[in-house]
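Q: Structure incoming, see below.
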Amino acid sequence: MAVENFANRFVCDLVAYEPGKPIDETARELGLRPEDIIKLASNENPLGPSPKAKEAMRLALEDAHIYPDGGGYRLRTAIAEKFGLGRENVILGNGSNEIIELLCHSFLHPQAELIAAEHAFVVYKLMATLFGAKYVKVADPGFVHDLDAMADAITPNTRLVFIANPNNPTGTMVGQEALDRFMDRLPEHAIAVFDEAYYEFLDDAPDTLKYVREGRNACVLRTCSKIHGLAALRVGYGLAPKGLADILQKARQPFNVNAIAQAGALAALTDDSHMEKTKAVNTEGLAFYHQAFRDRGLEFVPSVANFVLVKVGDGDGLFRKMLQRGIILRAMSSYMLPEWVRISVGTMEQNRRCMEVMDEVLSGAGI
Ligand SMILES: *Cc1c(COP(=O)(O)O)cnc(C)c1O
């Protein structure tokens, strides 16, 4: 009997996550050197990892023969201190993506529902599908989460409501008032998950940790993949009231975050200088793209994160043509936005080059 006939239907039906195209693969295909490729496809830190993290990881290599601290004692303590919470409120993940999965493991089943915005981060849908649960998509007019509509969509079967703030790929955020109003309407049988992967880039960040401190059904997700520049390590963390954090701890693998990653993350979290530099580069780059799109009359979604969504006509076509010229963007057809591409903010040199090539391609001079 073919394995497809007895594998879980909802796993077979899954459309796998499509990551940004890797630099090495692109270089090989084009016969270019990896150094000549500019990747603006996965919202990575263009300045690289925190130098303090690199040093800490080099040291940690010496003990690579020892299993990691499965309890993540030092890293969880540092995170708890940073946010004025207890260690019992902190859960570590192999990327914050793993914590999304742990939430689904703990609360989803074929009768349960997960609510997210129409153009929300695609991993929520993927995970809901993986657990056979119902994925409930709520319209997001103007590409902004409509939290009132999301609260309206809650049923007795709702277990998780994902609020990506700011959201990827839209780069938009919702403010404190809307969040407070949403939390006032959240019933006891559902959990609000605030995915804050880009939180550190915000000037005017809302406070969702207060819901955790108040012991509400809330889980805040943060990551070392974005501002800290440690995407390759796969470290993220969740902040939740003890009862919820305890459940998530049970759902994880014993050594889900490796020791090198724990050491790197620990150093990166307190490297304020690297975070400030990164934020400054991003602020300049964002303003550059917003202005560049305005100048060219291209529709775009003003962003508060480290990427911008812009309407270019044929998103897949632009992606392919820019790829030929060594620039990797992200086409948005998998988000049902075939006319759009998402561009991650790079260094100013990379941003200028990106617009130069985009101009060539859009004017028809491209290959
Ligand atoms: C990048 C991103 C993450 C972080 O993923 P990691 O697994 O921590 O690398 C989480 N949520 C959103 C919305 C993201 O864009």
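Bear in mind these aren't lab numbers, they're just calculated from the coordinates by the rules spelled out. Please read these numbers as outputs of a predicted model, since none were measured by experiment. Cβ sites come from the backbone with ideal geometry, for glycine too, and all protein chains shown count toward neighbours.
Q: If each residue of separation counts as 0.36 nm, what is the full-extension length gain between Asp204 and Arg58 once their alpha-carbon separation is subtracted?
A: That pair, Asp204 and Arg58, stretches by 49.0 nm at full extension.
Q: Taking the Cβ-Cβ separation of Leu298 and Ser333 as r and a Förster radius of 22 Å, what is the calculated FRET efficiency to the nearest 0.05?
A: 0.75
Q: What is the dipole size for the stretch 250-367, taken about its Cα centre, with +1 at each Lys and Arg Cβ and -1 at each Asp and Glu Cβ, in debye to the nearest 20?
A: Dipole magnitude for the stretch 250-367 comes out near 380 debye.
Q: Based on Cβ point charges of +1 for Lys and Arg and -1 for Asp and Glu, what charge dipole magnitude is obtained for the chain about its Cα centre, in debye rounded to the nearest 20?
A: Approximately 540 debye in magnitude.
Q: Also, I was wondering about something else. Among Leu179, Pro51, Thr158, whose Cα lies farthest out toward the positive end of the dipole of the chain, if unit charges sit on the beta carbon of Lys, Arg (+1) and Asp, Glu (-1)?
A: Pro51
Q: Go ahead and collect, in residue order, the members of the stretch 283-310 whose backbone nitrogen is under 19 Å from a label point 7 Å along the Cα-Cβ direction of Glu356.
A: 285-286, 288-293, 296
Q: With r defined as the distance between the Cβ atoms of Met1 and Gln324 and R0 fixed at 56 Å, what FRET efficiency is calculated, to the nearest 0.05?
A: On the way: r = 45 Å, r/R0 = 0.80.
Calculated value: 0.80.
Q: Note down the net charge around Phe143, summing +1 for each Lys or Arg and -1 for each Asp or Glu among other residues with Cβ under 12 Å from its Cβ.
A: -2
Q: Turning to a different aspect of this structure: How big is the charge dipole of the stretch 51-268 about its Cα centre, in debye rounded to the nearest 20, if each Lys and Arg gets +1 on its Cβ and each Asp and Glu gets -1 on its Cβ?
A: Using Cβ point charges on Lys, Arg, Asp and Glu, the stretch 51-268 gives about 660 debye.
Q: Another question, then. Taking the Cβ of each residue in Asp271, Asp24 as the centre, tally the other Cβ atoms inside 10 Å and list the residues starting with the fewest.
A: Arranged by neighbour count, lowest to highest, Asp271, Asp24 become Asp24, Asp271.
Q: Which of Val193, Val301, Val136 comes first, and how do the rest follow, when ranked by fewest Cβ neighbours within 10 Å?
A: Starting with the residue having the fewest Cβ neighbours, the order is Val136, Val301, Val193.
Q: Mean residue ellipticity at 222 nm from the helices of the chain, using -39,500 (n - 2.57) per DSSP H segment of n ≥ 4 over the full residue count, to the nearest 500 deg cm²/dmol?
A: Value at 222 nm, helices only: -12000 deg cm²/dmol.
Q: For Trp340, list long-range residues whose amide hydrogen, built 1.01 Å from N in the peptide plane, is under 5 Å from its own amide hydrogen.
A: Val312, Gly315, Met332
Q: Per-residue HN-Hα couplings for the stretch 74-82, Karplus 6.51 cos²θ - 1.76 cosθ + 1.60 at θ = phi - 60°, whole Hz, x for Gly and Pro?
A: Karplus values, whole Hz, x for Gly and Pro: 5, 5, 5, 4, 5, 5, 4, 5, 4.
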